[in-house]
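Undergrad: One structure, pasted below without further comment.
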Amino acid sequence: MTPILSPVPGIHTLRRHEVLPNLLAFDSPERYPEFYALPMRRDELHLNETGAELFSHEFASHFARWLDTGLEP
């Protein structure tokens, strides 16, 4: 899940029911406040170039960890 401002609780419900057993979820302002700061956003669904670059690095790091360990962040 990307850092969107409109929650999609159904995705997390599917995860809890193991329909989506693996989910790298970045849709939490509490956990990832840097992606929700106005200077990083283009609009409620999109990051701007700076935010997208930061997110890409963070996502790659979490994805690599998941590939190595099977653990989500």
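The values are calculated or read from the model by the stated rules, or taken from the named source; none is laboratory data. Bear in mind that the values here come from a model prediction, so they are computed numbers and not experimental data. For neighbour counting, all protein chains shown are included, and Cβ atoms are generated from backbone atoms with ideal geometry for every residue, glycine included.
Undergrad: Please indicate, with yes or no, whether at least one residue in segment 46-63 is at pLDDT 95 or above, touching a Phe, Trp or Tyr at 6+ places or on another chain (Cβ under 9 Å) and not in a helix (DSSP H, G or I).
TA: Checked against the condition, which is being at pLDDT 95 or above, touching a Phe, Trp or Tyr at 6+ places or on another chain (Cβ under 9 Å) and not in a helix (DSSP H, G or I), segment 46-63 yields at least one hit.
Undergrad: Then there is this: Which ones in segment 36-54 are loosely packed, with under 13 Cβ neighbours inside 10 Å and in contact (Cβ under 8 Å) with a residue 40 or more places away in the chain?
TA: Scanning segment 36-54 gives E44, L45.
Undergrad: Can you report the number of residues in segment 55-73 which are surrounded by 11 or more Cβ atoms within 10 Å (Cβ to Cβ) and free of Cβ contacts under 8 Å to residues at least 12 places away in the same chain?
TA: Number satisfying all stated conditions: 3.
Undergrad: Would you mention how many residues in segment 23-44 are within 18 Å of A60 (Cβ to Cβ), assigned to a loop (DSSP other than H, G, I, E, B) and not charged (D, E, K, R)?
TA: 5
Undergrad: Kindly indicate whether P39 is more than 23 Å from L71 (Cα to Cα) and not hydroxyl-bearing (S, T, Y).
TA: Yes, satisfied.
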